[in-house]
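Q: Encoded as structure tokens, here's the structure I'll be asking about.
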Amino acid sequence: MYSFSRCYFLARIVAGLLLSAAFVSAAVVRETVFFDVPAGIAVSPNPAPSAQLAAVVGYPPDADRMTLNALLYHPDPGVHGPGPHPAVIVLHGSGGMWSGDTIANGPTSHFEKWGQLLAGRGFLCVIPDGFNPRGISGGYSNRRPHHDSTIDDAVCSPNYERPKDVVAALTYLQGRADFDGRHVGLVGFSHGAQTGLNAILDVSVDRGDYDVDYINAMAQTVKLPVPDPVRITAGLPFPSVCVFYYPGCGHFSYHGSPNSVAAGRYMPDRRAQVLMFHGTSDSLMGVTDVNATPKTGSLSPIKFTLASGAQAAVLGVPNPFVHHHIFHLAGHSFDETTIEPPQNWNTVAESANEKANRLSQAETLKWLEFRLRDHTLAGEPDVNTPGAYIIAWTGRDQLRYRVQNGVNLSDWPQENAPVIGSGTALSAPMVIPPENRVFYRLVIDPVPPPVSEPTNADFFLDYGDFSY
């Protein structure tokens with residue numbers, strides 16, 4: 001939707017070259033950690049943890065505290081140094097995060113994959129368990145605001161209860177010496193994506209009293225007052241990039257009618273840049289006929305981003321939703337499929353879900369690299385060209401770089417050809433102008449998504465393919 005770039009400067013020359021940051025095989029360390037939901041936002045009384053969580057060695061059995069358990073994945077210090085490292089908080093979906101719903105079994109392959117992948121790239125990765133601390137040992141599918149306690153989602157609502165886990169995780173990370181507090185991201189899946197959307201509500205959106213569509217004992221849909229969203233408190237690091245996989249976006253009318261695209265309904269915090277992914281075969285997308293032209297249906301996720309755009313227009317700021325990728329024929333949980341070897345890409349051997357998984361993972365990693373990295377310039381004289389210098393930096397995967405120079409900080413007359421990073425050291429020759437004074441600037445933006453590639457024709461859909 002929008003074009004973004006970041007700039008890093010080098011005045012004159014700093015001696016030395018950057019080391020390569022190629023993504024070599026690394027020994028990622030996984031550990032279990034515990035941290036509390038801050039007392040000021042915890043419910044009272046606290047729900048009792050599940051029996052299996054209470055039995056985990058080291059878990060504090062304190063009824064006066066809401067203690068979360070989480071998996072923390074550490075980057076290999078031999079590859080990425082001792083830190084501090086940028087961090088990514090990952091929020092699981094309604095199926096939970098444990099294999100067979102059993103903590104002792106370890107995480108599902110899906111979350112182990114993300115923990116290993118992110119830590120392997122140099123990010124701290126923390127995955128909090130949103131269910132067992134609230135007494136939920138199994139999955140949480142098909143919950144909604146309901147009078148029947150076996151159906152009701154109140155104890156772990158993604159609207160107002162589970163977003164507290166994001167605040168707790170940020171508080172925990174802030175206390176770690178190996179955490180780079182300037183760089184934190186948020187990735188959520190389904191129920192976790194809906195949780196994340198609520199955790200980053202912009203302060204400009206305040207509808208006063210919040211309610212949801214509640215099913216009462218007479219099977220009637222009525223409005224039930226519920227708590228307001230939980231905001232990330234001042235003083236905590238704020239996620240600068242958020243990636244949400246297939247959230248429902250209706251929120252049981254928590255932010256007003258899902259059919260509304262008016263200002264005041266919802267907008268992510270303006271400090272964040274947000275990506276969102278859906279497939280047309282996902283029931284939460286609400287497409288009536290995936291083969292129709294144009295496609296109709298409830299289309300709540302589209303209306304959600306449009307409402308955000310309306311609010312952003314009122315405020316005079318860019319819509320924090322920078323991309324909403326909709327993949328034709330992909331279904332819910334497409335990210336849990338395999339990724340085919342390259343020789344099978346764009347063939348009958350690659351399903352729509354597998355293709356969506358491959359493309360969305362690439363976009364996710366690209367934007368995490370873009371928003372959660374510092375890019376330091378270094379340089380030294382070019383021994384082969386008098387009056388020239390070699391400017392060097394680490395080229396992160398799928399980011400596009402342009403080195404510019406000038407004699408002041410307002411005009412940049414010289415620019416090298418754009419180069420695309422792939423995890424290794426990059427460099428560019430630059431000639432010192434006759435004034436013998438020079439400033440260097442590195443302009444960075446993500447490589448555009450491959451929407452226009454012939455092999456992706458009709459797979460990336462845009463809003464013009466829908467009627468809403």
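Listed here are the residues, each with its yes/no results for (1) part of a loop (DSSP other than H, G, I, E, B); (2) under 14 Å from the mean Cα position of the chain (by Cα).
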| residue | (1), (2) |
| --- | --- |
| Leu173 | no, no |
| Leu186 | no, yes |
| Gly192 | no, yes |
| Val205 | yes, no |
| Ala217 | yes, no |
| Arg231 | yes, no |
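Rundown of residues vs (1) modelled with pLDDT of 85 or more; (2) buried (at least 20 other Cβ atoms within 10 Å of the Cβ); (3) among the small types (Gly, Ala, Ser); (4) touching a Ser or Thr at 6+ places or on another chain (Cβ under 7 Å), yes/no style:
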residue	(1), (2), (3), (4)
Gly379	no, yes, yes, no
Tyr389	no, yes, no, no
Gly395	yes, yes, yes, yes
Leu409	yes, no, no, no
Ala417	yes, no, yes, no
Asn436	no, no, no, no
Val443	yes, no, no, yes
Pro448	yes, no, no, no
Pro454	yes, no, no, no
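A quick yes/no check of all residues on (1) in contact with a helix residue (DSSP H, G or I) (Cβ under 8 Å, 6 or more places away or on another chain); (2) aliphatic (A, V, I, L, M):
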| site | (1), (2) |
| --- | --- |
| Glu380 | no, no |
| Thr385 | no, no |
| Ala392 | no, yes |
| Leu399 | yes, yes |
| Arg402 | no, no |
| Pro413 | no, no |
| Val419 | no, yes |
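Q: Inspect all residues belonging to region 144-164 and state whether any of them is in the same structural domain as Phe252 (by TED's automatic domain parsing), closer than 21 Å to Arg371 by Cα and at pLDDT 95 or above.
A: no
Q: Where residues in region 454-468 are over 23 Å from the mean Cα position of the chain (by Cα) and part of a loop (DSSP other than H, G, I, E, B), which of them is nearest to Ala307 (Cα to Cα)?
A: Tyr468
Q: Applying the selection to region 173-205, what residues are out of contact with any Pro (no Cβ under 9 Å at 6 or more places or on another chain) and within 27 Å of Leu118 (Cα to Cα)?
A: Gly175, Val187
Q: Under 6 Å by Cβ, and 6 or more places apart or on different chains, what pairs join a residue from region 361-373 that is closer than 11 Å to His183 by Cβ with one that is basic (Lys, Arg)?
A: Filtered contacts from region 361-373: Glu369/Arg396; Arg373/Arg396.
Q: Are any residues in region 41-63 among the hydroxyl-bearing types (Ser, Thr, Tyr) and surrounded by fewer than 17 Cβ atoms within 10 Å (Cβ to Cβ), and if so, which ones?
A: Within region 41-63, just Ser44 meets the criteria.
The values are calculated or read from the model by the stated rules, or taken from the named source; none is laboratory data. In this text the structure is predicted, and so the values were computed from the model without any measurement. Using ideal geometry, Cβ is built from the backbone for each residue, glycine included, and neighbour counts are taken over all protein chains shown.
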